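Below: the structure, in structure tokens.
Laboratory data are not the source of any read-out in this text; all were calculated from the coordinates shown. From a predicted model like this one, the values you see are computed outputs, not experimental measurements. For neighbour counting, all protein chains shown are included, and Cβ atoms are generated from backbone atoms with ideal geometry for every residue, glycine included.
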Amino acid sequence: MRRRTLLGLGTAAAAAVGGAILLTPDRAAPPPPSSSDLAFPALPQRLNNAASIEVTRHDGTLVVRRAAPDRWVLPAKAGYPVRPERVRELLVGLTELRLTEPRTANPEMLDRLGLDDPSRPAATSSLLRVLDAEGAALAELVVGRRRVRVQGNVPESVYVRRPAESQAWLAEGRLPLDSDPNLWIDRDLANLPRDRVRAATIDRVGEPPLVLRRGADTDSPLSVVEPAETPELDEISLDEVARGFEFLTFLDVREAAAMPGERIGTGRFELTDNLRIIVTAHKDGETLWALLAAEGDEEAARLQARWQGWAYQLGQWKEKAFVPRLADLRKQEAAAAAEPEAAQEAAPETPAAPQ
């Protein structure tokens with residue numbers, strides 16, 4: 001009996017311990033950093049001399065250039081500033097990259113790791129170079145496929161090799177490479193809620209002035225106050241004017257002096273908190289370009305500092321939000337009914353048949 005009792009108690013204790021282990025939150029520390037060799041041991045001390053970053057793929061080269069100690073720009077986008085966190089993440093990733101495992105040194109096998117010649121058509125590899133002002137390489141690496149790990153607390157890894165070598169390595173670390181320039185820049189221009197827009201004055205080339213204004217109630221919609229007499233208007237189109245600055249982003253950017261196209265009009269918008277925004281719109285074929293300017297207090301100063309000196313390509317749909325014509329605001333049913341009448345009035349009279 002005594003032996004049977006002891007066995008039972010031992011089993012119960014083991015079960016209790018096992019349950020406690022299962023129910024206890026995982027407070028295990030992440031794995032210690034790898035002791036493998038750094039890919040670029042002296043790079044941190046040399047990064048103060050970095051003047052440009054190049055990412056070369058089979059379809060072209062992206063260049064990011066240093067314009068000031070804490071400012072990097074994209075020459076391909078007229079020198080527009082890049083997001084500083086993107087540069088920081090890439091350079092820190094390079095300094096922390098460790099070569100953990102040697103892989104194939106056979107040149108014919110490199111394409112399996114995405115490490116073939118980046119200039120070869122359809123190659124998936126990228127050549128990353130960090131250069132100083134004289135064009136000398138501070139760091140350069142062919143970057144291939146990322147290795148996917150399903151376990152938790154496991155560092156990212158990627159296949160790499162040095163450009164002059166065929167020896168491939170599995171490297172531990174994160175290297176966020178993007179050859180698309182739009183992924184390096186902040187394309188958000190503004191995000192101002194619709195109810196902040198209190199009035200708009202539109203001067204469209206070849207059209208009479210158009211003035212829209214809200215009523216005294218903050219929830220009232222924009223309505224046309226000039227001209228005094230209008231056709232039946234579409235509430236959704238009027239609301240799009242108020243929503244013009246919500247989640248406003250650009251598609252492309254150029255220096256303001258190089259804005260293409262011809263001027264089609266100007267929209268002047270009055271917003272709450274003493275903010276005024278002027279939109280000068282150009283059309284280049286079907287492409288819409290705009291200059292943005294802000295007037296007012298501190299908020300206006302921040303926006304103006306961001307926008308000044310740049311021309312932005314906007315989505316075509318923004319034309320009816322920033323420089324609408326009265327016809328653009330007309331209710332569709334009314335517009336459709338008016339078209340046959342206008343066509344009939346414009347048609348030439350048919351001469352009477354000779355008697």
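Worth pointing out:
- Residues 238, 141, arranged from fewest to most other Cβ atoms within 10 angstrom of their Cβ, appear as 238, 141.
- Loop-resident sites, segment 211-256, for GluC sites (Glu not before Pro), counting at most 16 other Cβ within 10 Å (DSSP): 229, 232, 246
- Ranked list, fewest to most other Cβ atoms within 10 Å of each Cβ, for 289, 169, 72: 72, 289, 169
- Sequence-distant contacts, meaning Cα pairs under 8 Å at least 6 residues apart, place the relative contact order of segment 188-334 at 28 percent.
- Oblate is the label for segment 188-334, because the ratio a/c of its alpha-carbon gyration tensor axes (a ≥ b ≥ c) is 1.5 or higher and a/b is not greater than b/c.
- Each of 142, 154 has some number of other Cβ atoms within 10 Å of its Cβ, and from fewest to most they run 154, 142.
- Extension gain, residue 305 to residue 134: 0.36 nm times the residue separation minus the Cα-Cα distance gives 58.4 nm.
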